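K.L.:
Got a structure for you, questions after.
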Amino acid sequence: MRLTYIFPVLMLLFIILFFIGCPPPAHADLRKNPRGSFTRRDALALGVIVILYSAVAFYNLGDTKAPQSFHHFKSGESVVLDLGAEMQVDEMLFYSGLNTGSYKLEYSPDGQNFSAVGEFKQSYTALFKWEKPELYDGAEATARYIRISADSDMYLGELAVRSGGRDIKYSCEASELCDEQDIVPAYQTYLNSTYFDEIYHARTAFEHIEGVYPYEISHPPLGKLIIAAGIKLFGMTPFGWRFSGTLFGSLMLPVLYIFLKRMFGGVAVPACGTAIFAFDFMHFTQTRIATIDTYAVFFILLMYLFMYLYVSGGRLRYLALSGIFFGIGTACKWTCLYAGAGLAVIWFIYWVRNFRLSAFIKNCLFCLAFFVIIPSAIYYVSYYPYAQASGLHGIGAFFSREYADIVINNQEFMFSYHSGVHSEHPYSSRWYQWLIDERPILYYLQSYSDGTRSSFGAFLNPVLCWAGLAAIFVCAYLALFRRDKTSAFIVIGYLAQLLPWVLITRTTFEYHYFPASVFLVLALCRIFSLMQRGTMHWRFNVYGLAGLSCALFVLFYPALSGKAVDSALASALLKWLPSWPF
């Protein structure tokens, strides 16, 4: 047995001791949830967590520079580079822009007689990346002139030529190909290129900015528009297209802290719960990639916060805000519809307990406005960039048949697309594997000749995954047999994010479990709060589990951030399960 497998065994033993060594007091009054005003201690605890997390999250997020000018190749167009003298061409790097096709690569000693030596395919997976051309076997390696010919309408950002280990300055009739040579990297990494679904979502965000009808239309537009805001601020650079997600990852922390404060009061429970979530592996990795899942989770957190405030105090403004954030979240990703189903169950149970016919009818009408009409309007308006790219402009566009057709047709496409995703993937996983972190998804892996490697993947911190799952079971018991409303709220939210995936047959990945992680934190904090009320050694349990979570984040940081480390050592320390790709 690998020595590494001892680590999960020790972790499970610690979690077992957490639950049986310091159990919640059986006599605790579950109806009493202590609350208090936000104090300086709260501000200090939250501030430390947010500042520390943000510093780590924004560090090495991505390059702040990338080619910004692109030459627009027309189909059949050729561009010739003059290296100044005939020389050995060791390597070339291309930075691709929008559209797909192929470039033919030819060398010549005199500018008259060219011979084909290779090609560069600008596929949909290679956009906004530094790539090398494919050279033919036996092709000439010396040239003074290099001709590049496009077979379709495409954009190319920069082209680097290397000889003798150095970049060659060349002249070119297409100045956009050689005007940013100072930012050419040594090789492709996640720091300077798109990876995983960034090839879709970062590209779509840029297309919205440029007024181009998007290539990726398998999700609603709003998440990509939020990504576009970061690009507008920092340019079409890796830092720019990842900025918004990382910012929202940081903003989740004060929202969660306030949520926990309203649920459980005090400082210890909100601080420890927020720290566990801040340094959860999934939260860290997922918010640093330019995909839309971050925004869905952020708005799920908000919609449940305000629903909790509503069922706790009955104020309609909280119910309205829950519905508005439901609409915003759904305009980012359909998984928020699952969250909406959980909200509906919570709302229904609330009215079963507080039923008054006239008030119930009025509330139904109120919900019709804030959970159906307004969210539908938000969703509908979010498609305006599609309309602009189709030549529709102004307020009148919203009332046109063409705009309505764009929205309706996209819903039909999204449903058929997601229903038909059944392709094999080496890192796909099913819902029951998510429960125990059995199969993380590896986003990036690059091995180097010195025996080091750079990699990162998406999976939950074992503390949150395993202890959180146990806490969900405890909360389910408290909800069913002790009629604990807080536990019932948490379990309903969790099941709303998990149960739909039980029925879905399409290819799935562990990042689909990201929204459920919020409720794992809430469940753990429910246990924390009960321990705090009547258990002598609760501090050891609560602070110990939070500290262990942070310690594991430090240990696994290389596998979450792309930091290059010794490959053998990383496997020895981080491959806790045979199915973990580290």
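The values are calculated or read from the model by the stated rules, or taken from the named source; none is laboratory data. Here the structure is a predicted model, which means the values were calculated and not measured. Cβ coordinates were reconstructed from backbone atoms using ideal geometry, including for glycine residues, and neighbour counts include every protein chain displayed. Note: areas computed on protein heavy atoms with side chains; ligands, DNA, RNA excluded. Shrake-Rupley method; radii C 1.70, N 1.55, O 1.52, S 1.80 Å.
K.L.:
In straight Cα distance, which aspartates and glutamates are under 15 Å from LYS169, not counting same-chain residues fewer than 8 positions off?
P.N.:
Hits, sequence-local ones excluded: ASP82, GLU86, ASP90, GLU91, GLU158, ASP179, GLU180, ASP182.
K.L.:
Could you please tell me the mean projected area of the C-alpha convex hull for segment 120-210, averaged over all directions and given in square nanometres to one decimal?
P.N.:
Taking a quarter of the hull surface, the average projection is 7.4 nm².
K.L.:
For a Förster distance of 25 Å, can you work out the FRET efficiency between the beta-carbons of TYR136 and HIS72, rounded to the nearest 0.05?
P.N.:
After rounding, the FRET efficiency stands at 0.40.
K.L.:
Choose one of ILE183, PHE259, HIS201: the residue whose Cα lies farthest towards the positive end of the charge dipole of segment 167-280 (beta-carbon charges +1 Lys, Arg; -1 Asp, Glu; about the Cα centre).
P.N.:
PHE259
K.L.:
What is the chain's relative contact order, in percent, from Cα pairs under 8 angstrom and six or more apart in sequence?
P.N.:
Reported as a whole number, the value is 17 percent.
K.L.:
Please give me the summed charge of the neighbours of THR291: other residues whose Cβ is under 13 Å from its Cβ, Lys and Arg +1, Asp and Glu -1.
P.N.:
Counting the neighbours of THR291, the net charge comes to +1.
K.L.:
Compute the Cα gyration tensor for segment 427-582, then decide on rounded, prolate or oblate, letting a ≥ b ≥ c be the square roots of its eigenvalues: rounded whenever a/c is under 1.5, prolate when a/b is larger than b/c in the other cases, and oblate in all that remain.
P.N.:
Since a/c reaches 1.5 but b/c is at least a/b, the shape of segment 427-582 is classed as oblate.
K.L.:
Can you order the peptides 64-71, 165-172, 298-305, 194-201 by their average number of other Cβ atoms within 10 Å per residue, highest first?
P.N.:
Ranking, from highest mean packing down: 298-305, 194-201, 64-71, 165-172.
K.L.:
Right, here's the next one. Have a look at ILE436, GLY273, VAL565 and report the one farthest towards the positive end of the charge dipole of the chain, computed about the Cα centre with Cβ charges (Lys/Arg +1, Asp/Glu -1).
P.N.:
Comparing the listed Cα positions along the dipole, GLY273 ranks first.
K.L.:
Just the number, please: carbon plus sulfur as a percent of the accessible area of the chain, 1.4 Å probe, no ligands or DNA/RNA counted.
P.N.:
Here carbon and sulfur together make up 63 percent of the probe-accessible area.
K.L.:
As I understand it, the value is the acute angle between the Cα axis of helix 6-20 and the longest principal axis of the Cα atoms of the chain; what does it come to in degrees, rounded to 10?
P.N.:
30
K.L.:
What is the Cα centroid distance between segment 340-384 and segment 207-236, reported in whole angstrom?
P.N.:
Cα centroid to Cα centroid, the span is 30 Å.
K.L.:
May I ask you to give the solvent-accessible area per residue for segment 238-349, in square angstrom, as obtained with a 1.4 angstrom probe?
P.N.:
21
K.L.:
Spin-label point model (7 Å from Cα, Cβ direction): what's the GLN411 to PHE540 distance in nm?
P.N.:
For GLN411 paired with PHE540, the spin-label model returns 5.7 nm.
K.L.:
Quick check: from the Cα gyration tensor, does segment 394-512 come out rounded (a/c under 1.5), prolate or oblate?
P.N.:
It comes out oblate by the Cα gyration axes.
K.L.:
What is the gain in length, in nm to one decimal, between SER400 and LEU480 on full extension, counting 0.36 nm per residue of separation less the C-alpha to C-alpha distance?
P.N.:
23.7 nm
K.L.:
Here's a follow-up. If you take the Cα Rg of segment 227-294 and divide it by 2.2 N^0.38 Å, with N the number of residues, what do you get?
P.N.:
Normalised Cα radius of gyration, segment 227-294: 1.29.
K.L.:
Still on this model: At q = 0.18, 0.20, 0.23, 0.27 Å⁻¹, what log₁₀ I(q)/I(0) does a Debye calculation on the Cα points of segment 82-164 give, no solvent, two decimals?
P.N.:
Each listed q corresponds, in turn, to -0.73, -0.88, -1.11, -1.36.
K.L.:
Taking N as the number of residues in segment 282-371, what is its alpha-carbon radius of gyration divided by 2.2 N^0.38 Å?
P.N.:
This ratio for segment 282-371 stands at 1.18.
K.L.:
Put +1 on the Cβ of each Lys and Arg and -1 on the Cβ of each Asp and Glu in the chain; which of ALA141, SER152, ILE226 then has its Cα farthest toward the positive end of the dipole?
P.N.:
So the residue we want is ILE226.
K.L.:
Using a probe radius of 1.4 Å on heavy atoms only, what accessible surface per residue do you get for segment 407-521? Whole Å² is fine.
P.N.:
Computed with neighbouring chains in place, this is 41 Å² per residue.
K.L.:
Still on this structure, I have one more. 7 Å from Cα along Cα→Cβ at both LEU368 and GLU91: what's the point-to-point distance in nm?
P.N.:
6.6
K.L.:
Assign unit charges at the C-beta atoms only (+1 for Lys and Arg, -1 for Asp and Glu), then state the dipole size of the chain relative to its Cα centre in Debye, rounded to the nearest 20.
P.N.:
The calculation lands at about 4140 debye.
K.L.:
By a straight-distance test (C-alpha under 17 Å), which lysines pair with LYS65 as possible cross-link partners, with residues fewer than eight away in the same chain excluded?
P.N.:
LYS129, LYS232
K.L.:
Related question: What distance in nm lies between label points placed 7 Å from Cα along the C-beta direction at LEU44 and TYR432?
P.N.:
For the pair LEU44/TYR432, the computed spacing is 4.9 nm.
K.L.:
To the nearest 0.05, how large is the calculated FRET efficiency for THR100 and LEU499 if R₀ is 51 Å and r is the Cβ-Cβ distance?
P.N.:
0.85
K.L.:
Percent relative contact order of segment 91-201, based on C-alpha pairs within less than 8 angstrom and at least six residues apart?
P.N.:
32
K.L.:
Run the numbers for VAL381 and SER449: contour at 0.36 nm per residue of separation, minus the present Cα-Cα distance, in nm.
P.N.:
Result for the pair: 19.4 nm of gain on full extension.
K.L.:
I'd like the distance between the alpha-carbon centres of segment 314-337 and segment 465-509, rounded to an integer number of Å.
P.N.:
Between the Cα centres of segment 314-337 and segment 465-509 lies a distance of 20 Å.
K.L.:
Continuing with this model, one more query. How do 314-326, 136-148 rank on mean C-beta neighbours within 10 Å, highest first?
P.N.:
Taking the mean over residues of other Cβ atoms within 10 Å, the ranking is 314-326, 136-148.
K.L.:
Assuming a ≥ b ≥ c are the square roots of the Cα gyration tensor eigenvalues, decide whether segment 340-409 counts as rounded (a/c under 1.5), prolate (otherwise, with a/b larger than b/c) or oblate.
P.N.:
Prolate.
K.L.:
Along the principal axes of its C-alpha atoms, what lengths does segment 190-229 span, in descending order and rounded to whole Å?
P.N.:
25, 19, 16
K.L.:
On a straight-distance basis, which lysines could pair with LYS261 in a cross-link, Cα separation under 26 angstrom, same-chain partners fewer than 8 positions away excluded?
P.N.:
LYS32, LYS485
K.L.:
Still on this structure, I have one more. Net charge near PHE489, counting Lys/Arg +1 and Asp/Glu -1 over other residues with Cβ under 13 Å of its Cβ?
P.N.:
Its environment carries a net charge of +4.
K.L.:
Sum up the charges of everything whose Cβ sits under 14 Å from the Cβ of CYS272, counting Lys and Arg as +1 and Asp and Glu as -1, but leave CYS272 out.
P.N.:
So the surrounding residues net to +2.
K.L.:
Another question, then. Please sort 544-553, 233-242 by packing, taking for each peptide the average over its residues of neighbouring beta carbons within 10 angstrom, highest first.
P.N.:
233-242, 544-553
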